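Following: one structure in structure tokens, then a few remarks.
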Amino acid sequence: MQNPNPPGPQVDLKNVYDAIVVGSGAAGGMAAYVLSSQGMKVLLLEAGKQLDTTKELKSLEWPYDHPRRGEMPPGYHPLGMNEYNVRNPPYAKDSKYPHVESYVQGWNGPDYSKNIVVDEKDHPYTGTKYAWVRARCVGGKTNIWGRLALRLSDYDFKAKSRDGYGEDWPISYADIAPYYDKVDLYLGISGYKENLPYLPDGLFQRPVKLTASELKLRSELAKMGRVLTPYRAGVTTDGLKHNKYRSKCFGRGACDRRAGGCDIHAAFDSPTGLIRPAMDTGNLTLRPNSTVYEVTVDPVSGKARGVNFIDTDSGKTYEARAKVVILGASTLESARLMMLSKSSQHPNGIGNSSNHVGHNFCEHIMGPGINGLVKDLVGKPRTLDDGRPGSFYLARFRNLKDKQSNFIRGYGFEGSSGTTMIPGNAFETLGFGSSYKKAVRDYAGAYISMGAFGEVLPRYENAVSIDPDVKDKWGVPVLRFNYSFGDNEKKMAADMAVSAKEMFEAAGIEVVSVNREILTEGWSIHELGTARMGNDPKTSVLNQFQQSHDVKNLLVVDGSSHVSASCQNPTWTIMALAWRSCDHIADELRKGNV
Amino acid sequence: MEGHSRRELIKIAAAAVAAPAIAAASVEVKPLFFTPPEFQMLDELTEIIIPTDGHSPGAKAAKVAVYMDKSLSEAFEDEPRQKFREGLKLVDSLSHELNHKPFLEASPKQRVAVVSRMAQNEKNPKKPVEHFFTQLKAATAFAYYTSSIGIHQEMGYLGNTLQTVYAGHDASEAPIHLPDSSK
């Protein structure tokens, strides 16, 4: 495995690049890779810093070898659930702590990701409650992602045709399937074939295994027509011969401490999976610490000319120019950037003649879940249950053949079971003394839990806009949220808790607790839909190739292009779409059509 | 989600931030925040919560009190420190009430009686000393189960090392035949 850290930037701003890509996460990383590997000269601008991942990621560090057992130094404060629920943003305003970070820092080993997630003090936002997790660094959120790599199907792309709500996507599964295949083969994915039309299989590498309790739940759920499948992980479990920066997975354990990343890069991250290979083509220039605040416009043609950006170290501003500008700054940041890019040709913000930029904002609702006990496993010998990239996924089962009376669309569950490095039940087991120790030990491997991710319907009124009165550390106006869950989501969430209980009971798993509470908006970190694709320029922002209807040389290749959220995690779809669109724009560039 | 709320609980309990333990045995340590008698009391309390037994060494051996003392000494806010100090005073008062002597002068059996009383409403603590027990226990459990003794000797954790195959069962052991599983 070679050192994954790229060399320092050498940027010639007099150059007119073939493409400028804004953002280096899943979307921007893929755009940079696809275009540079086709011979295009690409400038990749990342707002955040370049982390030295050889120092940053400490996947095998024992808690007792860390000076604070994984906790952050004094003065760092991770926002808690209550803070998001009782206060309104900006959450770090007037905080007594020098550093305030998002809730992801509350996970296992927050110190391991404190340099990845932004400091809320520098990056405020306003409006309604929203747990907005941002990672400003090369690779963005792919450095800390949950790794569940799922495909969407025509149950998602053509959902309107099925239930009448919202809009169909301008593509169908057949259009994107070849690109899902490319992503699978290029980045590696672990999974087990199930032949489900509503959760298409990928080109899977070695699947993870199931614990005894997961296998039991799988058998029982099959009788109900539901499918619990080994975690479909964006992790190479057999290795990738074409990528010298990534090792195959060695199932070392403590993968639930994923906020710290994977130091052998078996788990996909954009820096080793996409950016380093792209740099090896000689066609990619990466410039970190470059916060783009405006897409510039050619005064004659009205097309995108390039971008203005701030060097976050020096505070100096620059313009970079290109034939094509590709935004992959994240669903909300790309929308912010488009709305900030006002000109006489685009008074509403670039690519926003439809007034749909920032609107139709959707995501996944989270919270309801269940914790259960498999009594047969109490007191059984120790097994290694967290030595795998993930545990299990329970595919959607609502509104497929059935029709629920009070909500449309569906939800799936992510779950886990068995032993972990630090036994969670130690904090819930009552008593003290030797009997307490024994109970913790005997029961540690016997718990199984799962939590749901449900589709949030896109609604025009759920939106972000620019707040002209509040600016971030670099003087750029921030986003104002006007977003909340609706009736369909709340009814779906109620059903999640009911169905979870029903399934555990059917499987003979003792129900320890059922969680019915909905987590604050944003919790799933799956923001989608603020610049949706569509065939009608009046009601959509982008065409099926993520190209702006208004400005042909502007693409938006991140989650903002999604027409609906589905209930499947979006990262794999973001990358498949970006690949497809960049193939298309490369063709257009070659033909001189841009 | 589960991990998150657990973390929060621990934080409330101890503002869980600390530096590595360097002393050979916790009783020989010069505490950074607590007075020596307070530290000794904390050391004894953690050992009652997680004792050395036939299975593995307990909280004293794992230097749980050393970790807690370091944590509190560098905590960003003063409140958790002072709350902990007050908690120890409440334990002494309870010992006076039950045993007519301070906690450290009580017999091992009498000390356990004090902790039993503190723990009697663990699920739904009401009195301040009962609240203190839940904080003390969460902090003790965190420091113990993240220690080398806790992870290896007590829990026998098998991971954090290279594995050639994933442990567990193949999904094919539970075959699924759904009516709509053919496209």
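Worth a mention:
- Considering (1) out of contact with any strand residue (DSSP E or B) (no Cβ under 6 Å at 6 or more places or on another chain); (2) over 30 Å from A:ARG206 (Cβ atoms), the lone condition that A:GLU319 does not fulfil carries the number (1).
- Among residues of the range A:321-342 that are closer than 17 Å to A:MET575 by Cα, those with a beta-carbon under 6 Å from a residue that is hydroxyl-bearing (Ser, Thr, Tyr) at least six positions away or on a different chain give the pairs A:LEU327/A:SER334; A:THR331/A:THR530; A:THR331/A:SER560; A:SER334/A:SER560.
- Subset tally (residues that are within 21 Å of A:VAL100 (Cβ to Cβ) and part of a helix (DSSP H, G or I)) for the range B:67-93: 4
- Some residue of the range A:235-243 being among the charged types (D, E, K, R) and outside any loop (DSSP other than H, G, I, E, B): no
- Any hit, the range A:120-131, residues being surrounded by 24 or more Cβ atoms within 10 Å (Cβ to Cβ) and more than 21 Å from A:PHE361 (Cα to Cα): yes
- Under the condition of being of a type in the set (D, E, K, R) and either part of a helix (DSSP H, G or I) or closer than 30 Å to A:ALA395 by Cβ (or both), the residues counted in the range A:547-570 number 1.
- Answer from B:GLU79, B:GLU97, B:GLU105 - the residue that is within 14 Å of chain A (Cβ to nearest Cβ) and either without any contact (Cβ under 8 Å) to a residue 24 or more places away in the chain or of a type in the set (Ser, Thr, Tyr) (or both): B:GLU79
- Any chance B:THR140 is assigned to a helix (DSSP H, G or I) and either at the interface with another protein chain (Cβ under 7 Å from one of its Cβ atoms) or surrounded by 23 or more Cβ atoms within 10 Å (Cβ to Cβ) (or both): yes
- Residues located in the range A:293-329, provided they are under 29 Å from the mean Cα position of the chain (by Cα) and of a type in the set (Val, Ile, Thr): A:VAL295, A:THR296, A:VAL307, A:ILE310, A:THR312, A:VAL324, A:VAL325, A:ILE326
- The strands (runs of 3 or more DSSP E) found entirely in the range A:447-523 that carry 2 or more residues being without any contact (Cβ under 8 Å) to a residue 60 or more places away in the chain and not aromatic (Phe, Trp, Tyr) are A:463-471.
- Number of the exception - A:LYS437 against (1) at pLDDT 95 or above; (2) buried (at least 24 other Cβ atoms within 10 Å of the Cβ); (3) part of a loop (DSSP other than H, G, I, E, B): (3)
Rundown of residues vs (1) closer than 28 Å to A:ILE422 by Cα; (2) within 14 Å of chain B (Cβ to nearest Cβ); (3) out of contact with any strand residue (DSSP E or B) (no Cβ under 8 Å at 6 or more places or on another chain); (4) not acidic (Asp, Glu), yes/no style:
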residue: A:ARG68; (1), (2), (3), (4): yes, yes, yes, yes
residue: A:GLU71; (1), (2), (3), (4): yes, yes, yes, no
residue: A:TYR76; (1), (2), (3), (4): yes, yes, no, yes
residue: A:MET81; (1), (2), (3), (4): yes, yes, yes, yes
residue: A:ARG87; (1), (2), (3), (4): no, no, yes, yes
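- Of the residues making up the range B:143-153, just one is facing chain A (nearest Cβ under 7 Å), surrounded by 24 or more Cβ atoms within 10 Å (Cβ to Cβ) and assigned to a helix (DSSP H, G or I), namely B:TYR145.
- Residue that is more than 29 Å from A:ALA131 (Cα to Cα), touching a residue at least 24 places away in the same chain (Cβ under 8 Å) and away from chain B (no Cβ under 11 Å), where the choices are A:HIS346, A:HIS356, A:HIS364: A:HIS346
The values are calculated or read from the model by the stated rules, or taken from the named source; none is laboratory data. Please read these numbers as outputs of a predicted model, since none were measured by experiment. Neighbour counts are summed over all protein chains in view; Cβ atoms, including those assigned to glycine, are modelled from backbone coordinates with ideal geometry.
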